[in-house]
Amino acid sequence: MRLKIANLLFMEQHPYFQRKPETRSRKFWRVVFGSMVGFFLSNILITILSIFIILGMVAAMLSSSATPIKSNSVLRITLSGNIEERGEDNPFENTAWESFMSTPTGLDDILHCIAKAADDPNIKGISIEIRPPVSAGFATLTEIRNALENFKNSGKFIYAYSESYSQGAYYIASVADKVFVSNMGNIDLKGLAFQLMFYKGLIDKLDLDVDIVRHGTFKSAVEPFISDRMSAENREQMMLLVNDFWNVYINDVSASRNILVDSINLMADQLLCINAKTCKQLRLVDDILYPIEYQNFLRETLGIAENAKINTTTINAYKRVATPKAQAENIAIIYAYGNIMDGRGNDKNIYSENLCREIRRAYQNDKVKAIVLRVNSGGGSAMASEMIWNEIELAKATGKPVVTSMGDYAASGGYYIACNSDYIVAQDNTLTGSIGVFGMIPSLQRMLKNKLGITLDVAKSNPHADYLSVVGRPLNELEKKKLMVQIEDVYDIFTKRVANGRNLPIEKVYKIGEGRVWSGTEAKKLGLVDQLGTIDDAIAKAAELAELTDYGMVFYPRKQDFFTRFFSANLDSETKIEQALQQQLGDLYFTYKGIKTVTEVSGVQARLPFEIVISD
């Protein structure tokens, strides 16, 4: 031990092991060298960013001007990923940056392009090319399918090709004159399943205390928060919904492919469509082709040589000439999709201040003669829904007719903002109704103590000063009664809005309310909607009510260009995280959304209390 200590002392005192003091010259050059490295690195980053911006600006300028459509062209509709209500411009399409800067396909752009192509002499037909997965609600798919049905009246061809088809993708493809699949493909024909997420187990596992107050007796209104499975009442309404949706599907496919409905059900029951050969034998597809063979088939149809270039135009390119323009008299199309929320925010949800401003801009525009409100929402804040309802009332007071077009969802708050329209159009497979209100007040105190060891104490001037506090605590009996009064008041207002808007007896609204959800088919029978149809049917009705024969269209809110979106606060970190999670988690994103619902839903809500995944 003594020897080790002596060695250490020797090493400490020996000049070789002593750190030499840094000279001023060495320090100077170290600082200079570090600055130079930082300077060069920052310049490299700035150069890369500048090149990226310049490329984008050039691409944007080139794409902003409509490219003339060559004669004997094909409109190529590529369906892949999410199909959202409104698309976004992508100046990087058909460049090396396309996948890096991908943007969702817009239902609005698809519908405009199909309608324009029908009358365009340079467009000879449509090629539907599906690249799984395709994510869209069935009402959205029905909108596209109906537009393609109308296109067929022009006498032009529609062909569809995919390596394999999900049920949703095949629903669109089945309308084509000919349907093709690859050699190792199939059709995942199996029927529809509605999967609901229940949160009670999660709430128990996290030691959360949740006070839930609701109006009415229909148990499914808050069932996901108090149970781990469907009640008999909830299963009854879910079975009614899923059968309505499936009947729309098989009837449409049956009519297009000239196959009996019973035969399609048998295929689904027996899982017969396991390979391409069987799909052809069952007449679900017309032929089995490799991609190059499909391209040659298109060349043969167009009457061009085997190796000749096929003149095509994409949705992103063609929409620049296809989107309707404003005229002296116009119909305003106002989009309202996402969760209904208070205040202002980005365009990924319905914020009350944002939407009210857009509605106001429309009815104060002298060139706007009618309004079509496009709703795709499962609801949200009751207060925000009331604010939007009032703005619709102000629009009607100007004498301009208001027509609502319903998408995949127009339920709870989504129905609240639609119910006082002059006319309502929904798809057969729109999920609507859910006229109900509930309050959910989570308390984190037990979870913080048991999971993290954090305890809270409070000093308050009055007994209920911490009522509905940020961290929350279980409600006492008086507070539950007060919250129940608030719930009853909101439900009373909601039902009166429906009764007055739909001209229904209040007793009937009570009967079909209580949070029950309906398909568009059932909603029409109940008087909740006026007509089953598309957004084009809603626009035609608005024109009829406003006595318009020659009109243009204006769209609210105005779409942002690519660079405004890229650099604006609307592309905030939360939106980026949501998009990344959806891309990475895939089907498991449904689970994440469910957990997020538990943590975010607080206060009085007019919204669907459950998330539905339609397994197609």
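Of note:
- Selection within the range 426-440: residues that are of a type in the set (A, V, I, L, M, F, W, C) and surrounded by 24 or more Cβ atoms within 10 Å (Cβ to Cβ). The member of this set that is farthest from GLU514 (Cα to Cα) is ALA426.
- Across the range 318-330, the qualifying residues are those that are in contact with a helix residue (DSSP H, G or I) (Cβ under 8 Å, 6 or more places away or on another chain) and part of a loop (DSSP other than H, G, I, E, B), and the one among them that is surrounded by the most Cβ atoms within 10 Å (Cβ to Cβ) is PRO324.
- Here GLU300 fits the description: open to solvent by 40 Å² or more (accessible area, probe 1.4 Å) and free of Cβ contacts under 8 Å to residues at least 60 places away in the same chain.
- Qualifying positions in the range 269-297 - within 18 Å of LEU75 (Cβ to Cβ) and over 33 Å from the mean Cα position of the chain (by Cα): PHE297
- The residues of the range 239-260 that are within 25 Å of LEU148 (Cα to Cα), open to solvent by 40 Å² or more (accessible area, probe 1.4 Å) and hydrophobic (A, V, I, L, M, F, W, C), listed by number, are ALA255, LEU260.
- Enumeration of residues in the range 294-316 that are in a helix (DSSP H, G or I), in contact with a helix residue (DSSP H, G or I) (Cβ under 9 Å, 6 or more places away or on another chain) and modelled with pLDDT of 90 or more: ILE315
- Candidates are the residues of the range 530-582 that are modelled with pLDDT of 60 or more, within 23 Å of the chain's Cα centre (by Cα) and of a type in the set (Gly, Ala, Ser); the one that is farthest from TYR423 (Cα to Cα) is GLY533.
- Which listed residue is surrounded by 14 or more Cβ atoms within 10 Å (Cβ to Cβ) and among the hydrophobic types (A, V, I, L, M, F, W, C), from ILE292, ILE274, ILE315: ILE315
The values are calculated or read from the model by the stated rules, or taken from the named source; none is laboratory data. None of the values given here were measured: they were computed from a predicted structure. Cβ atoms come from the backbone with ideal geometry, glycine included; neighbour counts cover every protein chain shown. For the accessible areas, the whole protein counts, side chains as well, though only heavy atoms, and no ligand, DNA or RNA atoms are used. Shrake-Rupley method; radii C 1.70, N 1.55, O 1.52, S 1.80 Å.
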